[in-house]
Amino acid sequence: MSLNESYPLMRHFQRELEGFHQALSIQQRSLKEGYVLLDALWRDADHQAIAVMLETVMAENDAYLKTDAPVFEDHIARKLQQLARYLRGNG
């Protein structure tokens with residue numbers, strides 16, 4: 001695959017990655033809101049096991065969205081800039 005062919009594919013990947021991060025962020029907010037409502041209502045024996053699982057998932061999602069996601073997006077943006085410069089003959 002040539003670099004000319006790679007550029008539009010990388011742009012598509014960049015848009016898909018950004019969309020994934022936005023969707024994950026929206027779902028994370030929804031999960032937190034639902035968890036708050038559920039936590040106030042649900043207090044049986046199974047509550048603690050589910051609470052630990054949900055809190056773990058939410059913490060992992062938060063960590064990804066706050067640390068990994070920006071790094072991935074910046075990396076792809078940098079590579080696209082480098083590739084664009086190269087394709088224009090400025091690289």
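The values are calculated or read from the model by the stated rules, or taken from the named source; none is laboratory data. Since this is a predicted model, take the numbers as computed values, not measurements. Positions of Cβ are backbone-derived with ideal geometry, glycine not excepted, and every protein chain shown enters the neighbour counts. These accessible areas exclude ligands, DNA and RNA; they are computed on the full protein's heavy atoms, side chains included. Shrake-Rupley method; radii C 1.70, N 1.55, O 1.52, S 1.80 Å.
Points to keep in mind about this one:
- Of the residues in the stretch 67-85, at least one is out of contact with any helix residue (DSSP H, G or I) (no Cβ under 7 Å at 6 or more places or on another chain) and more than 25 Å from F20 (Cα to Cα).
- The condition (being modelled with pLDDT of 90 or more and of a type outside the set (G, A, S)) is satisfied by just one residue among Q48, Q28: Q28.
- Being among the charged types (D, E, K, R) and open to solvent by less than 70 Å² (accessible area, probe 1.4 Å) holds for only one residue in D46, D39, and it is D39.
- Just so you know, in the stretch 14-36 the residues that are charged (D, E, K, R) and closer than 16 Å to P70 by Cα include one that is most open to solvent (accessible area, probe 1.4 Å), and it is R15.
- Number of positions in the stretch 68-89 that are at pLDDT below 95 and either of a type in the set (F, W, Y) or loosely packed, with under 11 Cβ neighbours inside 10 Å (or both): 3
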